[in-house]
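Undergrad: Next up is a structure, given as structure tokens.
The values are calculated or read from the model by the stated rules, or taken from the named source; none is laboratory data. These numbers come from a predicted model, not from an experiment. No Cβ is skipped: glycine too gets one built from the backbone with ideal geometry, and neighbour counts run over all protein chains shown. Ligands, DNA and RNA are excluded from the accessible area calculation, which covers all protein heavy atoms including side chains. Shrake-Rupley method; radii C 1.70, N 1.55, O 1.52, S 1.80 Å.
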Amino acid sequence: MIKTDILIIGAGPTGLFTVFEAGLLKLRCHLIDALPQPGGQCSEIYPKKPIYDIPGFPEILAGDLTKNLLEQGKQFKPGFTLGERAETIEKQTDGSFIVTTNKGTQHHAPIVAIAGGLGSFEPRKPLIENIAYYEDRGVEYFIKDPEVYRDKKVVISGGGDSALDWSIFLADVASEVTLVHRRNEFRGALDSVEKVQELKLLGKINLVTPAEVTALHGNKKLDGVTITSGDEKILLEADHFIPLFGLSPKLGPIGDWGLEIEKNAIKVDTLDYQTNIPGVFAIGDVNTYEGKLKLILCGFHEATLMCQSAYKIINPGKKYVLKYTTVSGIDGFDGTRKEAPKAVVQAIN
Ligand SMILES: Cc1cc2nc3c(=O)[nH]c(=O)nc-3n(C[C@H](O)[C@H](O)[C@H](O)COP(=O)(O)OP(=O)(O)OC[C@H]3O[C@@H](n4cnc5c(N)ncnc54)[C@H](O)[C@@H]3O)c2cc1C
């Protein structure tokens, strides 16, 4: 059982900034995310796109914002459960909560902050009859650890950046990489398209277009796929099949937690973004209230106010006096201390 003060569901920018604000109040955080990496939409959808409306950053790449948020929160030693979806919540008699993921990992905390954005990103799966049987037996929709594919025969399908980038990366890891796409044209960064072209000419990527993987084979695990290209059917040996057709967000199991939902978002009050379940807050893109704007800076503001209320619930009767970080400095949970240089009292002769 993982124990923490604030359990954050969603490691997007809102969840990541919560770690920092909670840390200032000496509260520890643990984050759960269905994706294998933190950053939410910023790292999954547009890591290489510039954002122009983050205060203090005239321009910052979404991927760099994620890196900075992780760096800013690092001193408060957040825990992460990645690649798992928060599935159920159970209120305990003392008012705390146990949240269990789809893989059975249990988390216990007095406060739950749902920072689930548009919902958990679920992979778009190809319509192949027995695909569910081969999931985790050779079929994967995310690449968590590229080493799994070392010296293996890998078939990737898809026509976007993920399919291109992973084909390029795995060309040096796997024994054989085949990229299958239903069109001849790819929709991705120009340098990635050119790199795949170059690797194809070098014989390091086997490109099959226009084509689709239409059947999977193997007894206990995947050992081959059928690729259909027009009237032709190609039977290919494969240890792994990785369909990368993008992700679609779904509010998913959180929608069944007894929370008030309006238009696929969680209704909150505007005092501290608490939901209709005391102790459960919803911040960032996942919430709704009058005047709501789905912007990163709004998520940061909501996280800041939410942490103040979380502090009061965890420390009843204790008064918190707001201190400027420039004045108080920051004591990390890792023993580090950051502070502005102190003024000296010294006579000048
Ligand atoms: C192309 C694009 C451009 C954008 N440009 C801008 C911009 O210029 N400026 C701006 O302010 N905003 C921009 N946005 C919007 C901005 O990205 C969002 O407002 C922001 O990402 C919201 O952050 P969040 O942390 O609330 O949610 P998200 O970033 O959506 O993160 C939520 C996370 O929660 C996880 N999750 C959800 N449910 C579960 C569950 N049950 N279990 C486990 N994990 C779960 C998801 O996997 C996800 O990683 C843009 C968005 C897009 C798509």
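Undergrad: Using Cα atoms only, what is the angle between the long axis of helix 190-201 and the major principal axis of the chain, expressed in degrees (0 to 90) to the nearest 10?
TA: Result, in degrees: 30.
Undergrad: Connecting C-alpha atoms closer than 10 Å in a GNM of the chain, tell me which of TYR149, TYR134, TYR320 has the biggest fluctuation.
TA: Greatest mean-square fluctuation among the candidates belongs to TYR320.
Undergrad: Work out from phi, with θ = phi - 60° and the Karplus expression 6.51 cos²θ - 1.76 cosθ + 1.60, the ³J(HN,Hα) of each residue of segment 325-331, listed in order in whole Hz, and give x for Gly and Pro.
TA: These are the phi-based 3J(HN,Hα) values: 5, 5, 8, 7, x, 10, 9 Hz.
Undergrad: Right, something else. Kindly write out, for segment 252-262 in residue order, the coupling ³J(HN,Hα) from the Karplus curve 6.51 cos²θ - 1.76 cosθ + 1.60 (θ = phi - 60°), rounded to whole Hz, with x marking Gly and Pro.
TA: Taking θ as phi minus 60°, the curve returns x, x, 4, x, 9, 8, x, 8, 6, 10, 9 Hz for segment 252-262.
Undergrad: Continuing with this model, one more query. Classify segment 1-69 as rounded, prolate or oblate, taking a ≥ b ≥ c as the square roots of the eigenvalues of its Cα gyration tensor: rounded when a/c is under 1.5, otherwise prolate if a/b is larger than b/c and oblate if not.
TA: Note, shape of segment 1-69 comes out oblate.
Undergrad: Right, another one. Ordered by residue, what ³J(HN,Hα) values in Hz, to whole numbers, does segment 77-84 give under the Karplus form 6.51 cos²θ - 1.76 cosθ + 1.60, where θ = phi - 60° and Gly and Pro are x?
TA: 6, x, x, 10, 10, 9, x, 9
Undergrad: Of PHE142, PHE20, which has the most accessible area with a 1.4 Å probe, and how do the rest follow in descending order?
TA: Largest to smallest exposure gives the sequence PHE142, PHE20.
Undergrad: Let me ask something else. As I understand it, the value is the acute angle between the Cα axis of helix 296-314 and the longest principal axis of the Cα atoms of the chain; what does it come to in degrees, rounded to 10?
TA: For 296-314 against the chain, the angle is about 50 degrees.
Undergrad: In addition: Can you give me the % of accessible surface on the chain that is carbon or sulfur? Probe 1.4 Å, all protein chains present, nothing else counted.
TA: With neighbouring chains kept in place, the figure for the chain is 53 percent.
Undergrad: Another one. Roughly what % antiparallel, to the nearest 5, for the DSSP beta bridges in the chain?
TA: DSSP beta bridges in the chain are roughly 50 percent antiparallel.
Undergrad: Under a Cβ-only charge scheme (Lys and Arg +1, Asp and Glu -1), can you give me the dipole magnitude of the chain about the Cα centre, in debye to the nearest 20?
TA: Here the size comes out at about 900 debye.
Undergrad: Among DSSP beta bridges whose residues both lie in segment 140-229, state the antiparallel percentage, nearest 5.
TA: The answer is about 40 percent antiparallel.
Undergrad: Taking a quarter of the surface of the convex hull around the Cα atoms of segment 205-349, what do you get in nm²?
TA: 20.7
Undergrad: Going by amide H atoms built from the backbone, whose H comes under 5 Å of the H on THR288, apart from near neighbours?
TA: ILE266, LYS267, VAL268
Undergrad: In terms of the Cα gyration tensor, with a ≥ b ≥ c the square roots of its eigenvalues, is segment 116-186 rounded because a/c is under 1.5, prolate because a/b exceeds b/c, or oblate?
TA: Since a/c stays below 1.5, the shape of segment 116-186 is classed as rounded.
Undergrad: Could I ask something else about it? Using a 10 Å cut-off on Cβ atoms, rank the peptides 153-162, 72-81 from the highest mean neighbour count down.
TA: Order by mean packing, descending: 153-162, 72-81.
Undergrad: In deg cm²/dmol, rounded to 500, what helix-only [θ] at 222 nm does the chain give when every DSSP H run of at least 4 residues adds -39500 (n - 2.57) and the total is split over its residues?
TA: Per the formula, -6500 deg cm²/dmol.
Undergrad: Rounded, prolate or oblate: which fits segment 57-126 when a ≥ b ≥ c are the square roots of the eigenvalues of the alpha-carbon gyration tensor, with rounded for a/c under 1.5 and prolate only if a/b beats b/c?
TA: Note, shape of segment 57-126 comes out oblate.
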